[in-house]
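Structure record follows, encoded as structure tokens.
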Amino acid sequence: MKVESELPFESIEEAVIEARSRISSFLFPRSGVEGDALLSVIRREWRSGIGQGSVERIAAIDGSNNSEYLTLGQVIFAVSASFFMKDTEPVVARKYQIGVMDDYHYRERVSLCRETMELKMALRSLELGPEILLMDGSFLAMVDRGLWSTPYGQKVPYHMRRILREVESTLGLNLTEGLVSYTHLVNLMGKIEEIVASVLEEESGKPPQRDEIRRAMAFIERYEVLCSLNELLRRGRSVLVAVAKRSSSRLYFNSRLPDMEVVRRYTSLEPGYLSPKVVELSFPEYSGIDDTYPISLTYVRLERATSPLRVEVVGNVDESVLEELLGSLARYSVRGYPYHLRRVHELAKIGRDLMSHLSRNLLIPEVSGRERLGE
Amino acid sequence: MESEVLGRIAPNSTPVQAEMIAYAGVVPKVGDYVVVDSEESKLLGMISNVVRGALELARNDLLQANYYDTILEVVGSPSDWLKATIRMIGILSGGELTGLPRAPPPTGALVRRAPADLLRRIFAPPTGREGIRLGKLLTRGDVTVHLDPDELISRHLAVLAVTGGGKSNSVAVILEEIVRMGGVAILFDVHSEYTGMSLGCPHCEVETVDPVLDPNTLTVDELGSLLGVTYDSAPKQFIYLKSAFKRAKELLIRERLGEYLTRAEIEADRDDLLAGIQAIIQLSLSREKESDDRFLIPFPSNDRGSIESLLAKVDFVRSKYGRVLKPTAGELADHLNYGKLVIVDLGQLDSDLTDVVVGKTLYTILMRAKLKRIGRGYEDFPTPVFAVLEEAHALIPSIERTYTSSAAASIAKEGRKFGVGLCLVSQRPKRLNPDVLSQMVNKIILRVVEPEDQAYVRRATEFLSEEMVSYLPSLDVGEAVVVGPMVRIPALVKVRLFEGKRGGESLKAYDMWREGLRRRLNASPDEYYDSIGG
């Protein structure tokens, strides 16, 4: 048999024509059975119009992070968390954490540091008595990282429990305290690494590899996020609201399309929201945290012809409470987004310019490897 | 005492310009002077522009004011930022101004408001002399601005503004100060605005004179301008005019002009040169072929039309301007004296005669000042003279060459040497002859609205930045940008009010109508009809 008769030689046009109809029906299932089902759910659950809410003491928390290579194996990072509350006078707070780390999964670790700082800033700000405390993102997403939840995946070695206990007891740390991530504090980082190394050596009977220590440190960072989140949900459950601008969650409609895309496509341009769906937030088994929390999930369009937002309210709230809450957000929204969140975003923002400025101030030239090319 | 700190210098400054970031709560003002701390010295600068923004509102998608309402409700007052552009004026050394900096000020340098004492020293009169007290700095009511009279006379002046912008008041203030110092000034008052003007000081004298013109003192070129007969426009007529002019002059010297006037049956003084010219032309046209009178002009028959036309023009000018053309009336320049302002009331003249009167007088002043300077006579002629031309765009237009524009150009070029200073006052700078305007190195620019005028002023003025030009329409009455060597540094000035009495203030229509109505209602019907001539 000739090879030419077995192996295809397609043109890109042919491939596109063939794929187009399949892609189209996948992306736009409106006309099919799934589309009809989604439309009927939307018709049933979508509430048109949002009333005027009366909540005044609205606060918001957001964070930002950025990092840059200092040497070929280490990065400098900067993380911030900011707070804003409208009171008789606006209340503003901001905290930075700046440090260096090995480039082992550094992007994920810097993100964990930001989440920790946001959660700790939220915990500290509860004392100011906000009626609504807005957070950027999703509580559910913070606990559910799926396959990539820890540096070990879901199968966390048993000795990590011992490492956590040793760190907490030896250093007298409560990981939910303060405003920054403990493992990145320069004065504590070395001590924590020593504890980690000694436990790993005892468990394996030989000095641990550097990557093993890094992996355990990353796990502690992940654990710090979960502890802080649990503390926040426990203490602030009546005021906590998470707002996401983007989301690929499918929890609400369980459809092939993300929930946010369903709302965007199948609702009118007018303001409105979906009746809340209550889901349970539980912590992953490896964390050892047994607490669970009901989360009322909805999607809302705060202003005409703007993108919908994903909103999580901690607690099992009824529609009247939700409408009052969303009405209060709509009242202070600019281009369909709560202005408080926008304000804290601006306060927290860490851009490339700031990072370059930071490394210049440290008098350490940025290393990219391209210097040798004279670039 | 340390002066108020305004901000710090931002990156990318140059030796001539820098940007300043202001401290929170500080609002720099355009036209204000600042002192910049440089490495070795301090630099004096002027704020030429200020940009303001708010951090919370700096978004391009906030296209409805409702969004501003929402944001301001949440954050209260926005976080203002202000950035000012500073034009460098000079280096301060021991409180004195030296040349322009050669290096930019350092980034981050502190910028302070210039202390009032420093500005008072800069705007003080020249040491040991009086200055022309013009007004106060716009941004500093406690600093008086004086002009240097020497520089004013020798480098000339242009006063530019829209109608009602404060030109006449500024001119009156300057004239008042010059005359108070004992100066010599002449004002060509095109619209009879200054008639009845008086000055406050005891020795100050104001004389309003009618624009008489002694035809006997005119040159043939001046006479040609008056008649509308120039070599360029009507060469044949001009040649015959020159010929008649020469013969009439000779007859005048021989005291025989009356004889020809009688022969031509022209009623005029026996020493009226223009009437004599008319008589010669008239007799030349009617003489017999064989006449041998050498004072009559021979001409070929085909030139008869040209000569008749010239005769008609001379006759027309004599009848039209009879009350102005007065033989042996002397020159307007004869009226000049120290501590005196001569106002030439041109309101009654048309533009052609105005051109001749003004041009003739300017040439006479320049000529006498020259002769005095080189020791060829006119020792008693008072100099320096400051000559002010109102409505200069009409007398010295850009599109045509007038007699006045030639005279003004001569003074602009030579006046400095011989002590004749020129001041052009105009509301349409772009219609002014650019060559002449560019030599008016000193400028007082009040409100200018028309964009082409602004651009023109910008081109003709060295220090004036684009930003400052953009403020010209928003200047209030009497507020002026003052530039040139008569002030040591450019200034935004609130020109003081003229303290004497000046005619020609803005018409108070409402008051006049009310007063007229009151008089009519109070008058008996007979008085009323008498008053209106009924």
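The values are calculated or read from the model by the stated rules, or taken from the named source; none is laboratory data. Here the structure is a predicted model, which means the values were calculated and not measured. Neighbour counts are summed over all protein chains in view; Cβ atoms, including those assigned to glycine, are modelled from backbone coordinates with ideal geometry. Protein only, heavy atoms only, side chains kept; ligands, DNA and RNA dropped before computing areas. Shrake-Rupley method; radii C 1.70, N 1.55, O 1.52, S 1.80 Å.
Span-like helices, chain B: DSSP H, alpha-carbon axial extent 30 Å or more, mean Kyte-Doolittle -1.0 or greater, which ones?
Numbers: long enough: B:351-374 (34 Å, 0.34).
Flagged H segments are B:351-374.
Where is the GNM fluctuation largest for chain A (alpha-carbon springs, 10 angstrom cutoff): A:SER356, A:SER138, A:SER80?
So, out of A:SER356, A:SER138, A:SER80, the one fluctuating most is A:SER356.
R0 = 51 Å: FRET efficiency of A:ARG162 with A:THR306, Cβ-based, nearest 0.05?
On the way: r = 50 Å, r/R0 = 0.99.
Plugging the Cβ-Cβ distance into 1/(1 + (r/R0)^6) gives 0.50.
State whether chain A is rounded, prolate or oblate according to the following rule on the C-alpha gyration tensor (a ≥ b ≥ c being the square roots of its eigenvalues): a/c under 1.5 gives rounded; otherwise a/b larger than b/c gives prolate, and the remaining case gives oblate. Mind showing how you got there, number by number?
Details: a/c = 1.66, a/b = 1.18, b/c = 1.41.
Oblate is the answer for chain A, as a/c is 1.5 or above yet b/c matches or exceeds a/b.
Can you list the HN-Hα couplings for region A:70-79, worked out from phi with the Karplus curve (6.51, -1.76, 1.60; θ = phi - 60°), rounded to whole Hz and with x for Gly and Pro?
9, 10, 6, x, 9, 10, 9, 10, 9, 10
Which whole-Hz couplings ³J(HN,Hα) result when phi for each residue of region A:345-353 is put into the Karplus expression 6.51 cos²θ - 1.76 cosθ + 1.60, θ = phi - 60°, listed in order with x for Gly and Pro?
Those phi angles translate into 4, 5, 5, 8, 3, 10, x, 4, 4 Hz.
Taking H as built 1.01 Å from N, whose amide H comes closer than 5 Å to the amide H of B:ALA158, not counting residues under 5 places away?
HN-HN under 5 Å from B:ALA158: B:LEU424, B:ASN442, B:LYS443, B:ILE444.
With each label point set 7 Å from Cα along the Cα-Cβ vector, what nm distance links B:GLU130 and B:VAL5?
Each label point lies 7 Å from its Cα, and together they span 4.5 nm.
Using a 7 Å offset from the Cα along the Cα-to-Cβ direction at both B:LEU110 and A:VAL321, what is the distance between the two label points in nm, to one decimal?
The two pseudo-label positions are separated by 5.8 nm.
Sorted by accessible area with a 1.4 angstrom probe, largest first, how do B:THR404, A:THR292 fall? Display every interim value, and only then the final one.
Details: B:THR404 0, A:THR292 65 Å².
Sorted by accessible area, descending: A:THR292, B:THR404.
Amide H of B:THR208 versus every other amide H placed in the peptide plane: which residues, excluding those fewer than 5 positions away on the same chain, fall under 5 Å?
For B:THR208, the qualifying residues are B:ILE343.
Could you tell me the calculated FRET efficiency between B:ASP334 and B:SER41, based on Cβ-Cβ distance and R0 = 51 angstrom, to the nearest 0.05? Mind dumping the intermediate values first?
Details: r = 54 Å, r/R0 = 1.06.
Efficiency computed from Cβ-Cβ geometry: 0.40.
At a 1.4 Å probe radius, which order do B:VAL190, A:VAL225 fall into by accessible area, largest first?
Numbers: B:VAL190 30, A:VAL225 0 Å².
Correct descending sequence by accessible area is B:VAL190, A:VAL225.
Within region B:72-150, report the GluC sites (Glu not before Pro) that DSSP leaves as loop and that have at most 14 other Cβ atoms within 10 Å. Walk me through the numbers before you get to the answer.
Working: sites: B:GLU73, B:GLU96, B:GLU130; in loops: B:GLU130.
Sparse-neighbourhood loop GluC sites (Glu not before Pro): B:GLU130.
Could you give me the ³J(HN,Hα) list for region B:141-152, computed from phi with Karplus coefficients 6.51, -1.76, 1.60 and θ = phi - 60°, whole Hz, x at Gly and Pro?
So the Karplus estimates, Gly and Pro as x, are x, 9, 10, 8, 9, 10, 9, 7, x, 4, 5, 4 Hz.
Given points 7 Å out from each Cα along the Cα-Cβ axis, report the B:LYS246 to A:ASP290 separation in nanometres with one decimal.
Modelled inter-label distance: 13.3 nm.
Check each of the trypsin sites (Lys or Arg not before Pro) in region A:246-329 and keep only those in coil by DSSP with at most 15 other C-beta atoms within 10 angstrom; list them in order.
Working: sites: A:ARG246, A:ARG250, A:ARG256, A:ARG264, A:ARG265, A:LYS277, A:ARG301, A:ARG304, A:ARG310; in loops: A:ARG246, A:ARG250, A:ARG256, A:ARG304.
In loop regions of region A:246-329 (DSSP not H, G, I, E or B), the sparsely surrounded trypsin sites (Lys or Arg not before Pro) are A:ARG246, A:ARG250, A:ARG256, A:ARG304.
Between B:ALA312 and B:SER438, what is 0.36 nm times their sequence separation minus the Cα-Cα distance? Round to one decimal in nm.
On the way: separation 126, 0.36 × 126 = 45.36 nm, distance 4.01 nm.
Separation in residues times 0.36 nm, less the Cα-Cα distance, equals 41.4 nm.
With every protein chain kept in the model, how would you rank B:LYS370, B:LYS42, B:LYS29, B:LYS443 by accessible area, 1.4 Å probe, largest at the top? Intermediate values should be presented prior to the final figure.
Working: B:LYS370 65, B:LYS42 95, B:LYS29 115, B:LYS443 5 Å².
My answer, sorted largest first, is B:LYS29, B:LYS42, B:LYS370, B:LYS443.
Which of A:TYR286, A:TYR96, A:TYR337 moves the most in a Gaussian network model of chain A with Cα springs under 10 Å?
A:TYR286
Given a Förster radius of 60 Å and the C-beta distance between B:ALA509 and B:GLU265 as r, what FRET efficiency does 1/(1 + (r/R0)^6) yield to the nearest 0.05?
Details: r = 51 Å, r/R0 = 0.86.
Efficiency, rounded to the nearest 0.05: 0.70.
How high is the relative contact order of region A:163-225? Use alpha-carbon pairs under 8 Å, at least six apart in sequence, and give a whole percent.
Details: 35 pairs, mean separation 21.8, N = 63.
Answer for region A:163-225 is 35 percent.
What are the residues whose amide H is under 5 Å from the amide H of B:ALA387, where those residues sit 5 or more places off or on another chain and H is modelled from the backbone?
B:ILE186, B:GLY421, B:LEU422, B:CYS423
Only Cα pairs within less than 10 Å get springs; with that Gaussian network setup on chain A, which residue of A:GLU13, A:GLU118, A:GLU346 has the largest fluctuation?
Among A:GLU13, A:GLU118, A:GLU346, the largest GNM mean-square fluctuation belongs to A:GLU13.
In the structure shown, do any of A:LYS349/B:LYS42; B:LYS326/B:LYS508; A:LYS120/A:LYS191 have a Cα-Cα gap over 27 Å, and if so which?
Numbers: A:LYS349/B:LYS42 38 Å; B:LYS326/B:LYS508 37 Å; A:LYS120/A:LYS191 22 Å.
With Cα atoms farther than 27 Å apart: A:LYS349/B:LYS42; B:LYS326/B:LYS508.
On a straight-distance basis, which lysines could pair with B:LYS501 in a cross-link, Cα separation under 27 angstrom, same-chain partners fewer than 8 positions away excluded?
B:LYS136, B:LYS167, B:LYS340, B:LYS443
Over the heavy atoms of B:THR364, what accessible area does a 1.4 Å probe trace out, to the nearest 10 Å²?
Its heavy atoms expose roughly 10 Å² to the probe.
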